[in-house]
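> I'd like to ask some things about the structure below.
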Amino acid sequence: MSSISISFLVSTFLFTTVMSYLTTKEATAEYLESSRRRLAEATERCIRSTGADPVEIDLLFDKAIHSESRSLKCYLECIYLDQNYIDSNGKFIHENVIHGTANATMDLIEECADKADSITDGCEKVSNFSHCVMHTNNTAILKLL
């Protein structure tokens with residue numbers, strides 16, 4: 001094979017690789033922006049439907065301070081439903097939670113879900129789960145926030 005053919009193949013490979021990377025990076029950025037926008041819309045909707053205090057929400061996500069207010073607990077349930085972290089029966093969807101949680105392992109998600117599964121009230125259940133995940137291993141729920 002001539003050196004021109006090899007150079008052409010290498011150039012083509014590099015071009016294809018770079019374009020693939022740029023396309024993937026663009027798609028990832030678009031996905032993240034879309035996810036942030038969707039979460040912001042859900043946040044507004046959940047605040048309106050539960051009456052949650054935005055200050056309590058900020059304290060929860062910025063400083064991991066859980067309020068005992070019913071409205072904040074129900075806000076979390078609303079967000080979990082919107083993000084498909086729980087189904088309509090209140091069962092945690094582990095795979096979805098792990099994708100939306102920074103620094104968490106599947107073992108941690110399963111452990112916290114097991115602790116919360118016996119709670120029948122949806123707002124209390126999600127709040128208990130969230131507290132467990134956030135205060136074990138310095139994890140952060142909803143890493144897109």
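The values are calculated or read from the model by the stated rules, or taken from the named source; none is laboratory data. From a predicted model like this one, the values you see are computed outputs, not experimental measurements. As a convention, Cβ positions derive from the backbone with ideal geometry for all residues, glycine included, and neighbour counts pool all protein chains shown.
> Looking at 31, 80 in this structure, which one is assigned to a helix (DSSP H, G or I) and either within 25 Å of residue 135 (Cβ to Cβ) or modelled with pLDDT of 90 or more (or both)?
Working: 31 fails: either within 25 Å of residue 135 (Cβ to Cβ) or modelled with pLDDT of 90 or more (or both).
Testing whether each residue is assigned to a helix (DSSP H, G or I) and either within 25 Å of residue 135 (Cβ to Cβ) or modelled with pLDDT of 90 or more (or both) leaves just 80.
> Taking segment 83-112 on its own, how many of its residues are in a strand (DSSP E or B), surrounded by 13 or more Cβ atoms within 10 Å (Cβ to Cβ) and at pLDDT below 90? Before the answer, list the steps.
As a first pass, look at segment 83-112 and keep what is in a strand (DSSP E or B): 86, 92, 101-102.
From the residues that got through so far, the ones that are surrounded by 13 or more Cβ atoms within 10 Å (Cβ to Cβ) too are 86, 92, 101.
After this cut, where a residue has to be at pLDDT below 90 as well, the list is 101.
Here the count works out to 1.
> List, please: which pairs have Cβ atoms under 8 Å, are six or more places apart or on different chains, and start with a residue in segment 101-121 that is in contact (Cβ under 8 Å) with a residue 40 or more places away in the chain and end with one that is assigned to a loop (DSSP other than H, G, I, E, B) and among the β-branched types (Val, Ile, Thr)?
101/139; 102/139
> Give me the pairs, please: first residue somewhere in segment 48-59 and outside any helix (DSSP H, G or I), second residue anywhere and among the polar types (S, T, N, Q), beta-carbon distance under 6 Å, and either six or more positions apart or on two chains.
These pairs meet every condition: 51/71; 52/71.
> Then there's this: Of the residues 48, 36, which is among the charged types (D, E, K, R), at pLDDT 85 or above and out of contact with any Gly (no Cβ under 8 Å at 6 or more places or on another chain)? Even if it seems obvious, please write down each step before you answer.
Values: 36 fails: at pLDDT 85 or above.
Within the list 48, 36, the selection yields 48.
> Considering every residue within segment 113-133, establish whether at least one is buried (at least 21 other Cβ atoms within 10 Å of the Cβ), within 18 Å of residue 37 (Cα to Cα) and more than 14 Å from the chain's Cα centre (by Cα).
No: segment 113-133 contains no residue that is buried (at least 21 other Cβ atoms within 10 Å of the Cβ), within 18 Å of residue 37 (Cα to Cα) and more than 14 Å from the chain's Cα centre (by Cα).
> Residue 97: under 14 Å from residue 125 (Cβ atoms) and β-branched (Val, Ile, Thr), yes or no?
The answer is yes for residue 97.
> It is to be established whether one or more residues within segment 56-65 are out of contact with any Asp or Glu (no Cβ under 9 Å at 6 or more places or on another chain) and modelled with pLDDT of 90 or more.
yes
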